Each structure stands twice: as C-alpha cells, then as structure tokens.
Amino acid sequence: MIMKLAIRNAKRQASSYLFYFITIICAVAFMFGFNSLIYSDIIKNLSELEILPYMIITTSIFVIFILAWLVNYMTNFMLKKRSKELSTYMILGIQNKNISKMFLIESFLLGIFAFGIGILGGTLISKLLEAIIYSLFGIEHHVYFSFSFHALSLSLLYFILIYFFALCKNIKLLKKMKLYDLLYYEKINESFNIRSNFLDTVMFLASIIIGICGICLLLFMPIGKGVDILVGLVFVTMFLFGFFRTVPFFIENVAQKNFSWKYKRNRLVLLRTFTSKIVSISTTFGMLSILFTLALTSISITIGMNKVVNKSIELNIFDIVILHKGDMSEMKDYMSTIENVADIKAAATYNIFTSNSTILKNIREQAIRDNGNAFNDIYVEFRYDSYMKYSDYVLICEMLGADIMDLGKDEFLIQCIPALEEAIQNSMESNFIKKEIVV
Amino acid sequence: MLLQVENVEKYYGNKGNITKALDGVSFSVEDGEFISIMGASGSGKTTLLNCLSTIDSVSAGQIILDGSNITEIKEEDIAAFRRDNLGFIFQDYNLLDTLTIEENIALPLTIKELHPKFVKSKTVEVANRLQIADILDKFPYQVSGGQKQRCACARAIGNSPKLILADEPTGALDSKSAYVLLETMKNLNEEMKVTIFLVTHDALSASYAERILFLKDGRIFNEIFKGEKNRNQFYYEILDVLSLLGGEII
C-alpha cells in the first residue's frame with residue numbers, strides 16, 4: 001500500500017506542482033547541455049582556447065547550484081503544502097519512518113522522470129550551445145546527432161548528489177515532525193518579522209551605493225583590463241542581494257515615521273501586503289535577480305567579444321598576420337606550418353623597431369581620451385613609438401597594390417588612422433618639425 | 001472503565017505569556033459509552049481531544065486508556081498505539097485524495113498488515129453498514145460531503161478501535177447529512193458498542209450522546225446525563241446549561 005500510495009502521490013505531485021516539475025526538467029536539460037559541451041568535439045577543435053573548458057565547467061557548476069537550490073526549495077515546499085496529508089498518515093498509524101520512505105519513493109520517481117525528460121531536452125540544448133559557440137568563433141559546422149555517455153554519467157552523478165542532500169534534509173525534518181505541528185500547520189500564520197532598526201536602513205543605503213558604484217564601473221570602466229567588469233559584477237550582485245533583503249525594513253522605517261502617509265486611503269493594506277510578501281520571498285527574489293543579471297551580463301560580454309573579434313578580422317587587410325617576439329629567422333617555422341595548410345600567394349617578413357620615444361604614442365592616447373574613450377592599451381609593441389624600414393614598407397605596399405611614396409634624405413613617413421591626422425599634424429607643428437606630413 | 005483522565009493540565013506559550021488550555025481536568029469514560037464535550041470557543045475542548053488522541057502531549061496529569069498510560073508512550077510507539085486503539089473523525093474528513101473511498105477505508109487495515117481477503121471483506125462490511133457501498137470505487141472529490149464523512153467514519157471503525165474520537169464531525173455538513181451521520185454514529189454505538197468521544201459546539205449533535213461534559217476556561221463546568229429522557233428533552237437541557245455557561249458557543 002505504501003508503494004501504491006507513493007506512485008499515486010508522485011503522479012499527483014507532477015500535475016499539481018507542474019511548474020516546479022518543468023523547472024527541474026529545464027535545469028537538468030541545461031546541466032546536461034553544458035556537460036555535453038565539455039565532452040563535445042567543439043572543445044577538441046578549439047583546443048588552443050585553454051580557458052573555454054574551464055568557462056563551460058564554471059557555467060555547469062553554476063547550473064548545478066541553481067538545480068540544488070531548486071530541488072531543495074521544491075521538496076521543502078511540497079512538504080509544507082502536504083502537511084495535512086502527512087498528518088493523516090500519522091493519524092492512521094503509519095510510522096514516521098514509513099512516511100519518510102514513501103516520500104523518498106515519490107521524490108525518486110519524480111526525479112527519475114524529470115531527469116529522463118531533462119536529458120532529452122539537454123541533448124537539444126547541447127546542440128544549440130555548440131551551434132552558438134561555432135558561430136561565435138566563425139567556424140562552419142553541420143548539426144548531427146550525438147550523445148555523450150560521459151556527460152550523462154556526470155549529470156546523473158550531480159543529480160543523485162543534489163537529490164540525496166535535499167532528501168536527507170527533508171527526511172530528517174519529517175522524522176522529527178510532530179503530528180500536532182503537521183495537523184495545524186496550515187492554521188499557523190506566516191511568521192512575519194519586520195524589523196525597522198538603524199542597521200537595516202544603513203545596509204539598504206549601502207547596497208544602493210554599492211549598486212551605483214557597480215553600474216558606474218560596468219559603464220565607464222575606469223580601471224581597465226577587465227577588473228571593472230569583475231568588480232562591477234560583484235558590486236551589482238551585492239546590491240541585488242542586499243537590496244531585496246533590506247528594502248522591506250527600509251520601507252517600514254520610512255512608513256513608521258510618516259504615519260500621515262501610511263493611514264491615508266488603502267495605503268496601510270498595500271504597504272503591509274507588499275512588505276510581508278517581499279519578506280517571505282526576498283531571498284528567492286534576490287537569487288533570481290542575481291541569476292538573470294549574471295546571465296544577461298555574460299551574454300552581453302560574449303556578444304561584445306564576438307563583435308571585437310569580427311571587427312579586428314574586418315580591419316586586417318592580410319589573411320594572416322603573425323606577431324613574433326624574437327629572432328627573425330624563426331619566422332620560417334610559421335611559414336612551413338602555413339604551407340602545409342594552404343598555398344601562399346605572397347608573404348613578407350619585417351622587423352618592428354622601437355626606441356624609448358613615446359611622442360606618437362602620447363598623441364594617440366591623447367586623441368583617444370579626447371574622443372571620450374578610456375585608454376585600454378594591451379599590446380606590448382605599442383608601449384613605445386614603433387618604426388619599420390622604408391624598404392619593408394615598400395614591399396608591403398606592393399603586396400597590397402597600394403601607391404608607393406618616395407622618400408628623400410632626412411624624410412620619414414607616419415602611417416596612422418585618419419582620426420589621428422590632425423593631432424599628429426598639430427604636434428609636429430608645435431614641436432617645430434617643419435616637414436610635409438602625409439597621412 | 002475504558003478511559004481515565006486524571007488532573008490533566010495543558011499550558012501553551014512561553015515565558016511571560018502562558019495560556020492554560022486545560023486546568024486540572026478529570027473524568028472517566030466507560031466502555032461502549034457515547035460521551036460529548038461542549039464548550040465555548042477557547043474552552044479547551046479540542047485541546048482535550050488532542051491530548052486524548054496523542055496528537056498533543058499533556059503538561060501534567062495522566063490519561064489511562066484500557067490500562068495503558070498514554071502520556072508515557074514512547075515516540076516510536078505512538079503510531080502503533082493510534083493504529084491499534086483509536087479511530088478519528090475530523091470536521092474536514094482528512095481523506096486521502098489519491099485513494100478511492102474503498103482504499104481509504106482499507107488503509108488502516110493494510111497498515112496493520114492484515115490478510116488482503118479480510119481487508120476486502122471488512123471494508124465492504126463497514127461500507128454496507130454506513131450505506132456507502134455504491135461509491136466504493138469513487139475518489140473523494142467525486143462524492144458529497146456527507147458521503148466523505150461517512151467514509152471517514154467507516155475508516156475509523158474498520159479497525160475496531162477501543163475509542164472513536166470525533167472532532168466537530170458535522171461542522172462541514174448540511175443538516176440532512178449531519179442527521180444521517182449522527183444517526184449512523186448512534187447506531188454504531190448501540191449495535192457495535194463502539195465508544196465515541198464527540199467534541200462539538202452544536203447542541204443538536206451533542207444530544208445524541210449519553211453524557212455531556214461542559215468545559216469552561218479549561219475546567220469541567222458541568223456534566224449532564226441523558227438517562228431516560230428523549231433526545232428532544234435532552235436537547236433543551238443542553239440549551240439550558242449553555243445559557244448558564246454564557247459566552248458564545250462556536
């Protein structure tokens with residue numbers, strides 16, 4: 001009878017709590033999708049991107065944490081909702097350990113179904129993720145069906161661990177529960193503890209300030225080198241969590257001081273409904289908003305990086321450009337490697353020289369600042385002004401079919417983007433370099 | 001004597017805010033008796049029922065059911081004690097929606113691990129007695145409130161418990177269903193010698209009992225017996241006591 005009850009209850013749970021059932025299926029699907037990606041061909045094909053597998057593993061762990069939270073929340077929620085039913089089992093003389101056993105069987109059945117359907121959905125998601133990554137890296141590919149048993153095993157292991165911990169917690173709770181508590185659980189008013197102390201107001205204001213700082217860091221990026229994004233995200237996360245935790249207390253504090261506002265029209269009911277609801281679900285709200293923010297930020301960063309890569313490909317006039325620090329003769333190794341892959345129509349190898357001069361570099365930086373952009377120079381070769389031989393320049397111009405400009409004695413050419421023309425010209429004039437400038 | 005309640009006290013709350021729900025309640029119930037507890041809201045009648053049914057524990061005193069002190073039963077033995085000795089009828093039926101009416105009645109018997117053939121025959125027998133044999137294959141949501149309560153009643157007596165505890169069993173029923181249920185309970189008491197402990201605020205329901213205890217502020221305020229009186233006379237006697245008791249009877 002216990003088994004029969006458990007099976008029927010599991011069926012009912014799936015339909016009564018369909019929303020949670022679907023959510024768990026989705027979470028399993030995403031977990032399997034990311035795990036499949038770790039073992040997919042794309043990772044092998046992009047083996048030079050050492051960071052990619054770690055990024056995917058990090059995302060996978062993130063999904064696992066969400067799933068763990070969801071499973072725990074769901075089983076706990078069901079337990080509370082079913083207090084009356086559980087009390088009936090107890091009244092009829094079913095021992096707590098048998099009720100726990102029944103709950104375990106039900107959760108197991110639900111979990112198995114959610115996992116099975118989630119894996120099917122996850123296979124589709126993994127293909128979608130593969131397509132997105134291939135597209136981001138501009139690699140042609142064909143969609144074909146594949147199934148990773150490694151990913152399945154890994155997902156199953158994670159799922160079992162998550163369910164195991166969530167169920168252990170709930171079964172422990174069930175074993176301790178008293179019949180009286182279960183029977184009258186529905187009649188107990190929701191615990192509603194609104195404080196309105198000074199510390200909560202300070203925390204609320206602090207979270208707002210941290211949030212503004214985070215948004216400023218993300219928008220203006222004053223530090224550079226990715227630190228702004230990282231710190232900005234941490235700040236925004238802190239803000240979201242702090243905001244949802246303290247906003248009801250802040251509102252309460254304000255409302256207590258402004259009773260003339262509070263007791264007008266139906267504001268009292270509105271205020272109490274709002275603050276009580278937000279107190280009950282503040283953690284859930286905070287967690288969800290953090291998840292959405294991080295997901296949106298990750299998507300924005302990915303799209304941004306993709307645009308940068310595409311733009312740099314567009315700006316490059318050669319099919320292949322290799323920057324090599326070291327002896328010029330070593331370039332031959334590159335050539336032989338490239339020849340194995342494709343025929344070389346034309347190639348040129350040249351040296352870039354630098355001095356300790358930073359005149360042109362400073363002009364460029366100043367021009368960038370004047371245009372309102374933050375200075376974000378990551379290339380070592382641009383730390384000083386760089387030069388090349390005129391003969392190499394001519395060779396490159398010939399390769400590109402560009403006009404070649406003759407140089408006389410004591411003359412030099414400056415190659416720059418049109419936006420820097422005026423700045424360089426002004427600088428030259430102010431430094432009394434009276435030469436014809438060709439840009 | 002089936003039940004002996006001796007100086008039972010029950011306190012709720014914590015330091016500085018203690019409510020005395022039961023204050024030195026003592027009485028006894030004979031085997032096969034139909035006894036009712038009446039009282040105003042907050043008088044302690046449901047608390048008393050909860051203490052008798054092991055749903056709640058007492059703060060002081062003792063409750064002896066058929067020679068066993070139920071206040072000293074170990075936590076792990078309580079479920080078995082309830083299963084073997086008590087039958088419950090609640091206002092809101094407490095039926096399991098995933099089981100049919102037949103399965104709801106059969107459940108306590110299967111928990112006892114009785115032979116399936118016996119479970120089946122016993123289920124049909126009590127269903128016939130309570131006139132719900134025609135709805136045995138239906139689920140609780142498919143039957144009326146009165147039928148649900150008779151199912152709960154069948155479930156309670158199926159196990160042949162020593163004591164049936166009924167908490168406002170007619171509270172959610174219309175007058176006709178309430179009448180049918182009370183008549184059924186009366187018949188069970190008279191024909192099967194089932195001991196019934198009925199908690200109610202309704203004078204008409206209480207008039208079906210042989211004896212009524214009136215609770216006020218956690219103490220027994222009065223006790224009346226039906227004796228040779230007919231139900232109508234007893235009903236008016238109850239109303240008289242209630243008027244003496246004062247307060248709202250809800």
Filter region B:59-80 down to the residues that are at the interface with another protein chain (Cβ under 8 Å from one of its Cβ atoms) and surrounded by fewer than 19 Cβ atoms within 10 Å (Cβ to Cβ) and list them by number. B:GLU76, B:ALA80
In this structure, is B:ASN85 touching a Cys at 6+ places or on another chain (Cβ under 8 Å), more than 9 Å from chain A (Cβ to nearest Cβ) and closer than 26 Å to B:THR46 by Cβ? no
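Give the residue, chosen from B:GLU33, B:GLU102, that is without any contact (Cβ under 8 Å) to a residue 40 or more places away in the chain and either surrounded by 16 or more Cβ atoms within 10 Å (Cβ to Cβ) or within 14 Å of chain A (Cβ to nearest Cβ) (or both).
Numbers: B:GLU33 fails: without any contact (Cβ under 8 Å) to a residue 40 or more places away in the chain.
After ruling out the rest, the residue left standing is B:GLU102.
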From the list B:LEU95, B:LEU107, exactly one residue is assigned to a loop (DSSP other than H, G, I, E, B) and out of contact with any Asp or Glu (no Cβ under 8 Å at 6 or more places or on another chain). Which is it? B:LEU95
Which residue out of A:ILE119, A:ILE99, A:ILE132, A:ILE139 is within 14 Å of chain B (Cβ to nearest Cβ) and either part of a helix (DSSP H, G or I) or touching a residue at least 24 places away in the same chain (Cβ under 8 Å) (or both)? A:ILE99
β-branched (Val, Ile, Thr) and either in contact with a Gly (Cβ under 9 Å, 6 or more places away or on another chain) or surrounded by fewer than 14 Cβ atoms within 10 Å (Cβ to Cβ) (or both) - does that describe any residue in region A:286-297? yes
So, A:PHE149, is that one surrounded by 20 or more Cβ atoms within 10 Å (Cβ to Cβ), over 22 Å from the mean Cα position of the chain (by Cα), modelled with pLDDT of 85 or more and assigned by TED's automatic domain parsing to the domain that holds A:LYS11 or not? no
Identify the residue in region B:176-230 that is of a type in the set (Val, Ile, Thr) and assigned to a loop (DSSP other than H, G, I, E, B) and, among all such residues, is nearest to B:TYR12 (Cα to Cα). B:THR200
Do you know which residues across region A:56-95 are closer than 25 Å to A:ASN9 by Cα, among the small types (Gly, Ala, Ser) and away from chain B (no Cβ under 14 Å)? A:ALA68
Meets criteria (within 14 Å of another protein chain (Cβ to nearest Cβ), in contact with a Phe, Trp or Tyr (Cβ under 9 Å, 6 or more places away or on another chain) and at pLDDT below 80) for A:LEU174: yes
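How many residues does region B:12-38 contain that are of a type in the set (D, E, K, R) and more than 14 Å from B:PHE225 (Cα to Cα)?
4
The values are calculated or read from the model by the stated rules, or taken from the named source; none is laboratory data. All figures in this text were calculated on a predicted structure; none of them were measured in a lab. Virtual Cβ from ideal backbone geometry, glycine too; neighbours counted across all protein chains shown.
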